[in-house]
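Below: the structure, in structure tokens.
The values are calculated or read from the model by the stated rules, or taken from the named source; none is laboratory data. Computed from a predicted structure; not experimentally measured. In this analysis, Cβ positions are derived from the backbone assuming ideal geometry, glycine residues included, and neighbour counts consider all displayed protein chains. Please note that ligands, DNA and RNA were not included when accessible areas were found on the heavy atoms of the full protein model with its side chains. Shrake-Rupley method; radii C 1.70, N 1.55, O 1.52, S 1.80 Å.
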Amino acid sequence: MATNKGHSAVRLLWSLLIPAFFLMAMPALTGVGGLRAQESGAAQADPGPPNTLGKRSDAEIWHDLRLGAGGIANPPTGSPEAGSVINSEGWEWAKLRNPEKSPIVHYGAWGLLAILGLLVLFYLIRGPVGHGEDSGRRILRFRLSQRIVHWSVAFVFILMGLTGLSILFGRPFILPLIGKEAHSILLTAAMQAHNLFGPIFALFLLGLFVHFLRGNFPSLVDIKWLLKGGGFFGGHAPAGRYNLGEKAWFWTAVIAGGALSVTGFIMLFPDDLATRNTIHLSELIHAIAALVMIGFSLGHIYLGTIGTRGTLKGMVDGYVDENWARAHHDRWLEEELEKAESGDQARETAEEGA
Amino acid sequence: MTLLELLEGPLWIASASIFVAFAAFRLIVILFTGRREAEARPAGSPFLGALRTILGHFLPWRRLLGNGKAWFVTIAGYSFHIGLFVLLLFAAPHVEFIREKIVNLPWDPIPRWGFILSAQFAFAGLITLWLRRFVDPVVRLISRPDDHVAAGLTFIVMLTGCMALGEQSAFLRGLHLGLVELWLIYFPFSSLMHTFTWPFSRGFTGAMAGRRGTRA
Ligand code: HEM
């Protein structure tokens, strides 16, 4: 309540100050009233108070300013927004980003909580998905370079996620818990780390794209997998190297991660890369893409760790048990075994895994 | 005395002294504890062998030039080390600190973008190299807890430094400094000593190989 009162007082003060400032500065800044004031001043013997508004109505002048009336010095000529004093779209953006009322913060928080809740529920009801006994025979699933790239992305993603969520949720959720002083420290730390690690994330993501593209294109077997509910509720769902869920994650990570990277760079270099509208749009896309990617990653992390037995091993050691592969990626296993039978693959496999 | 004053005063002196004293002690031990003379007749020059290994190991082994792993280690290794040394010795806040506490460095600090970029190179290298210790079966086998502590401490020192980049908070500055001091204390007793010992270990291996008429 106190903050709201404080906010409305501040807003009232601004709403009085801003027009007052423009009224005072108008003759100096614009050609609109200023020129006329000079003309009429020269024509009269007794100048009297200058006619700051000329013969035009307030509404007309504000209308001109909103549309970027020419001849205005601020922002300076040469900048992408020269000539525009008022940015009306900024109001819409401010509404969306108001920390207390923002739908992004509101739905974002509920969305992430809902996903977490569903995962807990699924774990309690279904438990970890297994694949029967281990066969004792192993097969290479991820090469060393794929494993390093994967964990590098994951590591930086978690860092970006934690710092980014602190920035997004800090004011409404963290500040009331830890107070202004600690919150300000947390936020400057989070922002600096977020800005520095952003380009590293973009670079690693590029590596992820290159290393995991093969096998992530859609195929007919995805439909069968979907019809079988992915095998999550019992039964066997056929899949190639990656199943439909994994493909969806890969493309979400690439597209949302790509959007995060591009919009992130725009916000890192706002003066060189963007107008205010582009920055506003970037900020919105950035927040939404982050929430989508974090939400999806919760499911991915669940399935990659406690959700499916034996999966994590593949991304750590590189090898999975053949029965794991038979249960989760039977088509891929068949292909690999065929290749191995046809000769050199087994040798190559053993060497690559080392 | 506030905690920050303690960190900037007595604790800084204490940790820096431990670092200097024990690192010097280890180097002296390495250099002056004699080894038993090799008795076999030398088949080649130990000196040339040492020189070749000290310089040659800056590049991947020729037989591994086609190997992606060798390139990864080389590029990530340089990225981390060069990034770290640039930011350590040329970033404005460090130059200022070193000038105030240790020695009047004769060079000007690099611009801020250079600082950030070198930190990014350092982080990218350190993260990939450290993660490799977990997922490469061979490197995992030869990694000791000390290697992980050394990498982890270095990472956390760099991370807190990066978090303090806003230069707005005494707490963050103190956190970074405190961890630097912990790092300094850990340094002489750990694999971080390779900062100083690498020429000796390379030289020794190279000299032994040179003496036998082989290459290290
Ligand atoms: C702590 C976090 C994470 C854990 C525990 C984890 C775990 C795993 C595991 C075990 C696999 C192997 C799945 C299989 O064998 O099919 C995997 C695959 C994969 N992960 Fe992660 N992961 C994490 C974070 C991430 C992040 C942040 C990204 C991307 C931004 C990512 C992208 C991928 C991709 C692309 C694959 C290959 C399968 C596919 O194309 O969907 N992972 N992950």
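Only sites in a loop by DSSP and with at most 15 other Cβ atoms within 10 Å count here; which trypsin sites (Lys or Arg not before Pro) in segment A:192-280 make the cut?
Those that pass, being in a loop and sparsely packed, are A:214.
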**Message:** For segment B:202-216 and segment A:257-318, what is the centre-to-centre distance using only Cα atoms, to the nearest Å?
**Reply:** 50
**Complete:** Ranked output for segments B:146-158, A:287-299 by mean other Cβ atoms within 10 Å, highest leading, reads A:287-299, B:146-158
**Message:** Testing the spin-label approximation: label points 7 Å from Cα along Cα→Cβ at residue B:182 and residue A:232. State their distance in nm.
**Reply:** 4.0
**Request:** At 30 Å minimum axial length over the Cα atoms and a Kyte-Doolittle cut of -1.0, report the qualifying DSSP H helices in chain B, or say none.
**Result:** B:10-32, B:68-90, B:112-135
**Message:** Please compute the contact order of chain B in relative form: average sequence separation of alpha-carbon pairs under 8 Å and at least six residues apart, divided by the residue count, as a percent.
**Reply:** 40
**Asked** How do A:159-165, B:188-194 rank on mean C-beta neighbours within 10 Å, highest first?
**Response** A:159-165, B:188-194
**Asked** Mind listing the Cα extents of segment A:93-353 along all three principal axes, in Å, largest one first?
**Response** 62, 42, 33
**Fill in**
Carbon and sulfur atoms account, in whole percent of the 1.4 Å probe accessible area of segment A:93-353, for 69
**Item:** Inter-chain Cβ neighbour average for residues A:184-192, partner chain, 10 Å
**Value:** 6
**Request:** Compute for chains A and B the buried accessible surface, both sides summed, probe 1.4 Å, and express it in Å² to the nearest 100.
**Result:** 2100
**Request:** Determine the alpha carbon to alpha carbon distance for each of A:101/A:180; B:69/B:101; A:101/A:247 and list only those over 31 Å.
**Result:** B:69/B:101; A:101/A:247
**Message:** Give me the 1.4 Å probe accessible area per residue for segment A:93-353, excluding ligands and nucleic acids, in Å².
**Reply:** 52
**Request:** Could you check how much of the accessible area of segment B:33-151 is carbon and sulfur, as a whole percent, using a 1.4 Å probe?
**Result:** 69
**Prompt:** How high is the relative contact order of segment A:93-353, given as a whole-number percent (alpha carbon pairs under 8 Å, six or more residues apart)?
**Reply:** 31
**Complete:** Partner shielding of A:225-233, taken as the mean number of other chain Cβ atoms within 10 Å, equals 0
**Request:** Mind giving me the nanometre distance, one decimal, between the label points for residue A:267 and residue B:88, set 7 Å out from Cα along Cα→Cβ?
**Result:** 3.3
**Prompt:** Between residue B:168 and residue A:134, what is the FRET efficiency for a Förster distance of 45 Å, r being their Cβ-Cβ separation, to the nearest 0.05?
**Reply:** 0.25
**Message:** How shielded is B:155-163 by partner chains, expressed as the average number of their Cβ atoms within 10 Å of its Cβ atoms?
**Reply:** 3
